[in-house]
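One structure below.
Computed from the coordinates by the stated procedures, all read-outs in this text should not be read as laboratory data. Just so it is clear, the model here is predicted, and its values are computed rather than measured. Here the Cβ positions follow ideal geometry from the backbone for every residue, glycine too, while neighbour counts run over all protein chains shown.
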Amino acid sequence: MEIKNYHKARSIDEAYQLLSSNPKNSVIGGGAWMKKSSPTIETLIDLKDLKLDQIIETESLIEIGAMVTLHQLETDQSIIKLGDGFVSQSLSEVLGVGFRNIATIGGSIVGRYAFSDIIPTLLTLPVHLVFYPAKEMTLEAFLNAKGKVDDILTHIVIKKIKGQGFFKKVAQSPLEFAILNVAIFKDDQAYKIAIGSRPSGAILAEEAMAYLNKQKVVNDEVVEQTANIVLETIKFGSNRVASEDYRKALAKAYVKRGIKEVTFK
Amino acid sequence: MKVAFILNGRNREFEVSPEEYLLETLRSHHITSVKNGCNESTCGVCTVLLDGKPVLSCSVLTARIEGQEVTTVEGIQKEVEHISDYFGDEGADQCGFCNSGLALTIHALKKEIKDPSEEDIKNYIVGNLCRCSGYQSQLKAIKRYLEDHK
Amino acid sequence: MLRVPITTESHQALFGGPQMRIVKHKTPSIDGKGIMMGRPAYSDDLADPNALIIKILRSPHAFAKIKSIDTTQAKELNGVEIVLTYQDVPKRSFTRAGQGYPEPSPHDKFVLDEYVRFVGDEVACVAAISEKIAVQALNLIKVEYEVLEPVLDFEKAYENQSVIHPEEGILEMFPIGFLPKKNVAASYEMNVGNVDDVLKSCDVVIEESFYTQAQAHAMMEPHTVNARIDFQNRLVLYTSTQTPFHVRRILSQTLDVPLSRIRVIKPRVGGGFGGKQALHGEMFAALVTLKTGKPSKINYTRSEVFESSYTRHPMRIDVKLGADKDGTLKAIDCYILSDTGAYGEHALTVFMVAGSKVLPLYNKVDAVRFAGQVVYTNHVSAGAFRGYGAIQGNFAIESAVDMLCAKLDMDPILFRQKNMILEGETSPIFAIMGEGTEGTAMNMESCKLDFCVKRGLELSHWKDIYPRKEIKDSKVKAVGMAIAMQGSGIPYIDMGAATIKLNDDGFYNLMVGATDIGQGSDTILAQIAAEELMTTVDKVIVYSSDSDLTPFDTGAYASSTTYVSGNAVLNAAKIMKNMLLEEAANALKVELKYVEFDGFTFKAKDQEISFRDLANRLYYNEDQKQLTATGSYVGTKSPPPFMAGFITIELDKETGEYDILDYVSVVDCGTPINPKLAQGQVEGGIVQGIGMAAYEDVQYSSKGSLLSNGFLNYHIPTTKNIHKLTTEFAESYEESGPFGAKSVGEIGIDTPPAALANAVYNATGVRIKTLPITPQKIYEGIQKLKQKEISNEAK
């Protein structure tokens, strides 16, 4: 890895100008994973001094600065309250505190990591991302966007809603990437189901959700059918840690358990 | 480039390259308590406290910590001595390579969580890997230490 | 401080056994505090600050020949001090294995060779003034390879077209079955009785094959060595090793440097478990420093530790067990195919221990056959790893025993109690199988296996759960168990020695060759000395593992330290005590037979002199002399520690996932010198065994490169994986051991794989015969059973 220059930006605009001026320039979030890609960087731009490390709760929103660390986020009261703690839980299952005091929520999202534990839970909530200079999009749209986003992620905004959440990271060891992730959220309007680390990245199970949300009564048959639709419509794959069939079995089991848990709590 | 930060209570200034990590800066200046176990954010033996919070020093660029406070076991000797008494009593100190990083994590845990449950403790120290002890003796030592030092 | 009014001898006379004030009591390790508080102690903490940084260019191919190698550009890079290829190093084959000389491992390694035999094998060595420059230099070395067809399946290695060691100059030190042209590193066969005939006469026979995977040691401190030339023009190495004396000898023989010009020091080591029972980096540091005159060092990266040090030997174990309907085990037939990877370190010995430290558990059989082959492949070299074959053999035999019990419809506890070895008994295997050579006959003077099983049943609440209890939803609780044995050093081969020096003021230096790698040998050896000398641990200052300053010891392996090194310390202490009594008699001007010593004062008739005064007198005042005593010990047998391991799991039948709720270990290691440290050895071993049973898997790509080369994709147990460990020691006393002790370093690791496999069977009816036991395998097994049920019903 090589970094020729390090620069602490004095304003977000300065950071943006610097980033745009050279394709070899890069913004650093937490930097926790930087060694993995071993990049050659002309100027590393640090957003540390731009007060993007705040969590601001208003009446209807939670505004999270992109430089908020994962540990900061998981221990914040407003996040703990969301969905009965399922966002907090998904954050706390990422490696250890020594890592989570460095890794930032911005870096975790911009990376669009397929194995991410945080993205599935956020995908089930009304979350939109704020970029500088001029973009705003839902988390889902960002995940679907092709290629690099040139703007700088500054805030993650969650609309506060009351509901029950469920999160399951399937892994034998806490320091392992998930074999599969399942996140479910239910408010008085609808269910949202997200499956991640399939091994591909997190995705909403639209057809399954559509079916479930049409049902008047959620009984065992409905739950079973919802899970079946997930298996029929979501793509699962094999890699060296798990086979496609096994991931399907896990998805079925945990979608069913998750729906029951958020419904009957 | 020059970076100035507070190391174990003293103002220090170091000449570093932009891609230099805190682990390398500390070890090359004879802070030998901070260990290199993997250098890729996965094992926890390089843990130091940054503004009192446990961080993996192999994953923090020194250039970024201007003005901040770094604490290693050299900076909190009395507290670490107390922790070591409990580890010694439980036979939890074997090869010792993970112990300094773990001691700092325990010190931070004590400050961050009041009355931690066993699960709280495990969740907090899970990133400090140990291959020798089997973890049980460490946990016993930590529980007794926290109980006696409420 | 304890004041003991009577001597150990008189106490023995009164109570029939030595009273122990320090041994068999917990005491904090003598070094834990200093280390946690951050004192420089490990090899890299002590490196010369100007040391050249060594980096190794490693092969990207699993098997290739170097057609050409051009180091010109690398050498020209500013800051590069030296670049070495196979053309610059001595062409003398050696083994990296740290074992007694002549080694039972083939000499099949060159310092650098024109063949590379696994992805990560050494191609060239660079030393530069900084790591950055060294890495740049690596990238400037131009290598042209002739890529050869690698052997990546150990079941296809024998007589494969691809010969991994075609070169001249390799050899076996004595016959071990070394047939490199057939890709065989070693082979062996032994028979007791006629196994085929006995099997034919059995009521019930089972025949099964088991696969154990390679396992990585994953010790927290990566391999590290630093070298310098001192002011006496001698080569001095600080290295994180388990075998400093073997390192010295191997360097001398291979680099043709007189032994007297080399000093090897082992400082604190951050874990070894067998992974540092060999040379890793020492050759390069020594060569660079000898050739440049400058200090140098090499620190393995974590991926180098995974890719380029060692793994455990993966094995296929074919087992046949034959028994009568009443549950008498009559025959065991065991064939092993072992994969030693690119080089043959520990090939024969690990494979033999898979038999010699498992088969005697069932000593009453009419016939036993043990045979097999160790083959070369283009995998990472396999080497010593705690358990050393016993864990692989135990998985196979203890799983097979439960499978036999299922066929016999017999309770697996009753079966073991009927057939397992007991105190006072022996097995013909002890006399036949040693480590690479013939064995040593011995009776089990101390064997509390029966107690271990009984007590383990109580502690695990076995009777309430066996075989399983359905909990709610799809969850089920189940238990499984296994018994195990290991050894205490290698008889007639492993030698340990200790020197005790008296100081003024009445304290001692204890110099031992014995290698503390974190298991606490410095501490327990101090305890043994303090017990015999009737003093306290703080008055015995230990210094260990320096080839100049400490007497010889083979090193930390084969569970030899407590038993062999401990006996050496005991011998030295006895000699010292007698010397002190003589000096006291001299000082008091009485005959020796009247002198009594309680650790503090020498008394004779109506006179006395304090120990402190005597020591000062010997230094400064009268009859001045320096008292030192050296004791050595070589074992004439290897009394096994025993244990019974019981696992309780909670398993989810819908997904195959499971949690290990409790692991009960009841251990017979004779007298535990330090019960807390002994418990630490057992529990550390249990958790590594659980890692092998459940989570850890060394995996390769189709081209032979290691995919599991970091902690993110190689999963060692974390604190959250371990819920409860219950460990107890049996009351046991081994006469030949120091204060009744046997060794305890390895026994903990052996039982978890079979215990877990048996518990999973008890929970689900699924028998997993390939490690690790993953939820996916369990799930697939459950599905297969369901299919079978459905098709049976359809019939």
Original post:
Which whole-number percent gives the relative contact order of chain B, counting Cα pairs below 8 Å spaced six or more residues apart?
Top reply: 25
Original post:
Applying 1/(1 + (r/R0)^6) with R0 = 22 Å to the Cβ-Cβ distance of residue A:36 and residue C:703, what FRET efficiency is obtained, to the nearest 0.05?
Top reply: 0.55
Original post:
So what's the protein assembly as shown giving for Rg/Rh, alpha carbon basis, Kirkwood Rh from the mean inverse pair distance?
Top reply: 0.97
**OP:** With a length cut of 30 Å (Cα positions projected on each helix's long axis) and a Kyte-Doolittle mean of at least -0.5, go through chain C and give me the DSSP H helices that pass.
**Re:** C:566-588
Subject >> Long-range amide H partners of residue C:729 with built H, under 5 Å >> reply: C:667
Original post:
If you stretched the chain out fully between residue C:628 and residue C:601, how much longer would it get, using 0.36 nm times the residue separation minus the C-alpha to C-alpha distance?
Top reply: 7.7 nm
**OP:** Summarise the partner chain shielding of C:720-727 as one whole number: the mean count of Cβ atoms from other chains within 10 Å of each residue's Cβ.
**Re:** 5
Subject >> Loop sites in the range A:141-200: trypsin sites (Lys or Arg not before Pro), DSSP, at most 15 other Cβ within 10 Å >> reply: A:146, A:148, A:160, A:162
Original post:
Percent relative contact order of chain A, based on C-alpha pairs within less than 8 angstrom and at least six residues apart?
Top reply: 15
Original post:
Which cross-chain or sequence-distant (5 or more) residues have an amide H under 5 Å from the amide H of residue C:186, H modelled 1.01 Å from N in plane?
Top reply: C:179, C:374
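Give the shape of the range B:75-148 as rounded, prolate or oblate, defined through the alpha-carbon gyration tensor: a ≥ b ≥ c are the square roots of its eigenvalues, a/c under 1.5 means rounded, and otherwise the shape is prolate if a/b is larger than b/c and oblate if not.
Verdict is rounded for the range B:75-148.
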Original post:
Okay, helix-only estimate at 222 nm for the protein assembly as shown: each DSSP H run of n ≥ 4 adds -39500 (n - 2.57), divide by all residues, round to 500 deg cm²/dmol; what do you get?
Top reply: -9000 deg cm²/dmol
Subject >> Modelled FRET efficiency - R0 45 Å, residue C:194 with residue C:19, Cβ distances, 0.05 increments >> reply: 0.30
Original post:
Under the Karplus relation 6.51 cos²θ - 1.76 cosθ + 1.60, θ = phi - 60°, what is the ordered set of whole-Hz ³J(HN,Hα) values for the range C:266-281, x standing for Gly and Pro?
Top reply: 9, x, 5, 10, x, x, x, 6, x, x, 10, 9, 5, 7, 9, x
Subject >> Inter-label distance, nm, simple model (7 Å from Cα along the C-beta direction), residue A:58/residue C:659 >> reply: 4.2
Original post:
Which whole-Hz couplings ³J(HN,Hα) result when phi for each residue of the range C:82-95 is put into the Karplus expression 6.51 cos²θ - 1.76 cosθ + 1.60, θ = phi - 60°, listed in order with x for Gly and Pro?
Top reply: 7, 10, 10, 10, 4, 7, 9, 10, x, 9, 10, 6, 8, 10
**OP:** Of the DSSP beta bridges with both residues in the range B:2-74, give the percent that are antiparallel, rounding to the nearest 5.
**Re:** 85
**OP:** Please go through the range C:505-600 and write out the GluC sites (Glu not before Pro) that DSSP classes as loop and that have at most 10 other C-beta atoms within 10 Å.
**Re:** C:591
**OP:** Could you work out the relative contact order of the range C:229-290, using alpha carbon pairs under 8 angstrom and six or more residues apart, expressed as a whole percent?
**Re:** 46
**OP:** At 7 Å along the Cα-to-beta-carbon direction for both residue C:767 and residue C:414, put a label point, then send me their distance in nm to one decimal.
**Re:** 2.0
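Within 10 Å of each Cβ in B:52-62, how many Cβ atoms from other chains are there, averaged over the peptide?
6
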**OP:** Give the residues of the range C:585-603 whose amide nitrogen is closer than 13 Å to a point set 7 Å from the Cα of residue C:610 in the direction of its Cβ.
**Re:** C:600-602
Subject >> Neighbour cut-off at most 15 other Cβ (10 Å), DSSP loop, GluC sites (Glu not before Pro), the range B:15-60 >> reply: none
**OP:** Provide the percentage of antiparallel DSSP beta bridges, counting only those with both residues in the protein assembly as shown; round to the nearest 5.
**Re:** 80
**OP:** Work out, step by step, the length gained on full extension between residue C:636 and residue C:39: first 0.36 nm times the residue separation, then minus their alpha carbon distance; give nm to one decimal.
**Re:** 210.9 nm
Original post:
If the label point is 7 Å along Cα→Cβ of residue C:574, which residues in the range C:656-687 have backbone nitrogen under 18 Å from it?
Top reply: C:671
**OP:** Quick one: work out the % antiparallel among DSSP beta bridges in chain C, nearest 5.
**Re:** 80
**OP:** Quote to one decimal, in nm, the extra length available between residue C:142 and residue C:590 on full extension: 0.36 nm per residue of separation minus the C-alpha distance between them.
**Re:** 153.3 nm
Original post:
Per residue of C:773-780, how many C-beta atoms from partner chains lie within 10 Å of its own C-beta, taken as a mean?
Top reply: 4
**OP:** At 7 Å along the Cα-to-beta-carbon direction for both residue C:472 and residue C:181, put a label point, then send me their distance in nm to one decimal.
**Re:** 7.1
Original post:
Quick one: helix A:12-21 against the long Cα principal axis of chain A, what's the angle to the nearest 10°, folded into 0 to 90?
Top reply: 80
Original post:
Around residue C:64, which amide H atoms from residues at least 5 apart in sequence, or from another chain, sit under 5 Å from its own amide H, with H modelled in the peptide plane?
Top reply: C:116, C:148
Original post:
Going by alpha carbons, how many degrees (0 to 90, nearest 10) lie between the helix axis of B:136-148 and the longest principal axis of chain B?
Top reply: 90
Original post:
Under unit Cβ charges (Lys, Arg +1; Asp, Glu -1), what dipole magnitude, rounded to 20 debye, does the range B:2-74 have relative to its Cα centre?
Top reply: 160
Subject >> Cα gyration tensor shape for chain C, rounded if a/c is under 1.5, else prolate or oblate >> reply: oblate
